[in-house]
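Notes for the one structure printed next.
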Amino acid sequence: MGYVVLHLSKATGTDAGMSSHIERRIHPANADVSMTYLNEELVEFPQGVTNRTEAIQHRLDTAGLQRKIGKNQVRAIRVLLSGSPDDMKRIQQTGQLNAWCMDTCG
């Protein structure tokens, strides 16, 4: 039986390293680059915002905060939901991953 893991982590500073990873400007050794087309954007950026780092700053600028945010304070919470490797491989091998994406991603 597989498992699901929910990761929550604090993002301090500009979080540019994680933004590069999420936006696929860098490619980790364990990632299959040929599957990148299956990525799906779940959150639309506000008009004039072009990347995740700008989106975080835009949210802070427009949140109505009354005090300055320190450099060491949390600026965002990262949320990552993942499944067991065996389950993910099974979903891919049975063609369900591509079928799901075609149904939901357009």
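Residues in segment 19-36 that are in contact with a helix residue (DSSP H, G or I) (Cβ under 8 Å, 6 or more places away or on another chain) and either outside any loop (DSSP other than H, G, I, E, B) or within 17 Å of VAL79 (Cβ to Cβ) (or both): SER19, ILE22, GLU23. Given the structure, is THR14 among the polar types (S, T, N, Q), within 13 Å of the chain's Cα centre (by Cα) and surrounded by 13 or more Cβ atoms within 10 Å (Cβ to Cβ)? So THR14 does not fit the description; no.
Taken as a whole, the condition of being within 16 Å of the chain's Cα centre (by Cα), within 20 Å of LEU8 (Cα to Cα), of a type outside the set (S, T, N, Q) and surrounded by 12 or more Cβ atoms within 10 Å (Cβ to Cβ) does not apply to ILE77.
Looking across ALA31, ALA55, one residue alone is surrounded by 11 or more Cβ atoms within 10 Å (Cβ to Cβ), under 26 Å from PRO85 (Cβ atoms) and aliphatic (A, V, I, L, M). It is ALA31.
Only one of the numbered conditions (1) assigned to a loop (DSSP other than H, G, I, E, B); (2) modelled with pLDDT under 85 is not met by GLU44, and that is (2). Residues that are over 14 Å from ALA16 (Cβ atoms) and not in a loop (DSSP other than H, G, I, E, B) within segment 47-62 comprise HIS58, ARG59, LEU60, ASP61, listed in sequence order.
The values are calculated or read from the model by the stated rules, or taken from the named source; none is laboratory data. These numbers were taken from a predicted model, which means no experiment stands behind them. When we count neighbours, we look across all protein chains shown, and the Cβ atoms used for this are built from the backbone with ideal geometry, even at glycine.
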